[in-house]
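In what follows, a structure is listed as structure tokens, so that the remarks can point back to it.
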Amino acid sequence: MLISLCRFLVRVLPARIAAALIRSLVRRSERPPMTPAQQVAIDAGTRIHYGRDNANVAWTWGSGPVVLFVHGWNGRAAQLAPMAQQVAWEGYRAVCIDVTAHGESPGERPSWHHFLDDVTRAAAHFGPIHTFVGHSAGGLSMMAASAQQRLRADAFVCICAPSHPFPPIRAIEQLLDPPSRVLDACRADIARQFGTTWRELEDGMTWRSSTAPLLLINDRKDRFVDHTDGDRIASWVPTARLIKTAGHGHTRVLASDELARALIEFLNERAVLERHAAGASAFPLQRQA
């Protein structure tokens, strides 16, 4: 009944009012439960706080160069915790954050503003950052913050990240089938949160200025972000390396051995290059027992 009413209203209301109605409908945090493996990894970490008034929650494992993990929309730090723990075993300090309105951080309504601001605050709190690792919206947000010169890192890893913030627009289309004028208002609202226009987002503004090494990992059976989006991003970023996993999907890929191996190989390859460039004493990585 509610969806039927909203479908009617978005057709008769002015575009900006209809877009505001859609925002109130779709911006609700889901906070998925943890799997047993995620719970084990979280329990092995240290819970800490960051962000505005230190209100947001994060977990950390190990010591060494900092690898900061950012979950996706309606995700949580725990989804990345098993992979973060493996990274810590390789001699890094792994940090997973819960973005505002996700996981155990406060708030009820996710927004792109929260992602951009929290990634920036986490970078300042835990930095300097050796490598950012972001899933989906987390990957897009950290690259957008980097393009805005709000943060920097030696390298970036984006897992199933969209080329621009189209997934919520697609979800709105499928759920409510609004007229084009309302979709345009929704696109403009999202673009304002990124401080730009929808056309610039479509054209890769978030990615094109990147000069740091970038590892892109996309799954061929991802129903939310098609794996060809990785090809599109790679065409914009000369430093990008693209890996495609097979058969995991948008979220299950986070628990795959294939992804963990690719990430650790990328990190350790970067470490070898950095030690070679700076001398043997730089980043003395030793695998933790």
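The values are calculated or read from the model by the stated rules, or taken from the named source; none is laboratory data. Note that the coordinates shown come from a computational prediction; the quantities given were computed from them, not determined experimentally. No Cβ is skipped: glycine too gets one built from the backbone with ideal geometry, and neighbour counts run over all protein chains shown.
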**Message:** For segment 145-198: of the residues being of a type in the set (Ser, Thr, Tyr) and over 24 Å from residue 129 (Cβ atoms), which is surrounded by the fewest Cβ atoms within 10 Å (Cβ to Cβ)?
**Reply:** 180
**Prompt:** Which members of segment 245-261 meet the condition of being closer than 22 Å to residue 32 by Cα and of a type outside the set (Gly, Ala, Ser)?
**Reply:** 248, 250, 251, 252, 253, 254, 257, 259
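Residue-wise test of (1) in contact (Cβ under 8 Å) with a residue 60 or more places away in the chain; (2) more than 30 Å from residue 266 (Cβ to Cβ); (3) touching a helix residue (DSSP H, G or I) at 6+ places or on another chain (Cβ under 7 Å); (4) among the aromatic types (Phe, Trp, Tyr).
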site	(1), (2), (3), (4)
151	no, no, yes, no
160	yes, no, yes, no
169	no, yes, yes, no
172	yes, yes, yes, no
178	yes, yes, yes, no
191	no, yes, yes, no
202	no, no, no, no
206	yes, no, yes, no
**Complete:** Of the residues in segment 59-79 that are of a type in the set (A, V, I, L, M) and buried (at least 24 other Cβ atoms within 10 Å of the Cβ), the one that is farthest from residue 127 (Cα to Cα) is 78
**Asked** In segment 173-181, is there at least one residue being more than 14 Å from the chain's Cα centre (by Cα), polar (S, T, N, Q) and modelled with pLDDT under 95?
**Response** yes
**Request:** Would you list the strands (runs of 3 or more DSSP E) that sit entirely within segment 39-105 and hold 3 or more residues that are of a type in the set (Val, Ile, Thr) and in contact with a helix residue (DSSP H, G or I) (Cβ under 6 Å, 6 or more places away or on another chain)?
**Result:** 66-70
**Prompt:** Failed condition for residue 100, given (1) polar (S, T, N, Q); (2) within 13 Å of residue 49 (Cβ to Cβ); (3) touching a Leu at 6+ places or on another chain (Cβ under 6 Å), with all others met?
**Reply:** (3)
**Single residue of segment 199-211 satisfying the filter (crowded, with 16+ Cβ neighbours inside 10 Å and of a type in the set (Gly, Ala, Ser)) that is farthest from residue 227 (Cα to Cα)** = 210
